[in-house]
Amino acid sequence: MLKIGKYIDLSLIDWDGRCSSVIFTVGCNFRCRYCYNADLVLDRNIQYIPVSDVLRKLDSYKFRDAVVITGGEPTIHKDLPELCMKVRNLGYDVKLDTNGSNPDMIQHLLDNSLVDYVAVDIKAPLLEVKYAEVTNALRNPVDNILETIEILRSRKVKYEFRTTVIPSLSIDDLVNIGEVTYPDVWYIQQYYPVDTLDPTYSKDACDIRDVYAELKKYCSHVRLRN
């Protein structure tokens, strides 16, 4: 059963240019040390919100036009397509935030026109050793993420890739991400060492404006999101 751990009625920042509600699912197949949603990832100290309650809220007032489904990692839940369908039936566009590790689920959602926009977090250069180091995943996800990238490239759905610039990523690492993914748009985001899944991961973050200036020399499609 899909677990919802958090719900935001109104957000102006989770989908650029859209007025959206945000649904946070519980659980994740990654254990990124710098993750700021530790309780959601670990399913810890969570008071679940019934799906019916969320749908009731979405149906009760229509001053927003979109819903973002994020996590945790939404695609680990087999009931995700049902949730997307119910949200769409209420008249909302749907954006999915994902780590890209479940291409079969993403393919299913696209085949059934259940999402309108997909944002994929690219955590590290798509090299197995580095990705394992950053994500602490039980199974290395690189092949699946590459498959997800190809699926998105082959479809008409709107999508973006984004990367949080954590201290363990070098400029060379980031250039590799840009060269391998090469989407229409790739956002880099500031890392903030607050409430991380691993409390010892509190390294100072670099200023992504400096990183952005360097990356623009190599990757014309990179954009800055703070």
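Computed values, structure above
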{"item": "In the stretch 167-212, the residues that are small (Gly, Ala, Ser) and open to solvent by 60 Å² or more (accessible area, probe 1.4 Å)", "result": "202"}
{"item": "Residue count, the stretch 121-146 (criterion: open to solvent by 40 Å² or more (accessible area, probe 1.4 Å) and either within 15 Å of residue 183 (Cβ to Cβ) or assigned to a loop (DSSP other than H, G, I, E, B) (or both))", "result": "6"}
{"item": "Residue count, the stretch 2-28 (criterion: at positive phi and in contact (Cβ under 8 Å) with a residue 12 or more places away in the chain)", "result": "1"}
{"item": "Subset of the stretch 151-191 (residues that are at pLDDT 90 or above and among the acidic types (Asp, Glu))", "result": "160, 172, 173"}
{"item": "Selection from the stretch 98-116 of residues that are under 19 Å from residue 25 (Cα atoms) and of a type in the set (Ser, Thr, Tyr)", "result": "98, 101"}
{"item": "Members of the stretch 12-57 that are out of contact with any Pro (no Cβ under 6 Å at 6 or more places or on another chain), among the β-branched types (Val, Ile, Thr) and either open to solvent by 60 Å² or more (accessible area, probe 1.4 Å) or not in a loop (DSSP other than H, G, I, E, B) (or both)", "result": "13, 22, 23, 41, 51, 54"}
{"item": "Residue within the stretch 97-120 that is touching a Cys at 6+ places or on another chain (Cβ under 9 Å), loosely packed, with under 15 Cβ neighbours inside 10 Å and either assigned to a helix (DSSP H, G or I) or of a type in the set (S, T, N, Q) (or both) present", "result": "yes"}
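The values are calculated or read from the model by the stated rules, or taken from the named source; none is laboratory data. Only a predicted model underlies this, so the values are computations on that prediction, with no experimental measurement involved. Positions of Cβ are backbone-derived with ideal geometry, glycine not excepted, and every protein chain shown enters the neighbour counts. These accessible areas exclude ligands, DNA and RNA; they are computed on the full protein's heavy atoms, side chains included. Shrake-Rupley method; radii C 1.70, N 1.55, O 1.52, S 1.80 Å.
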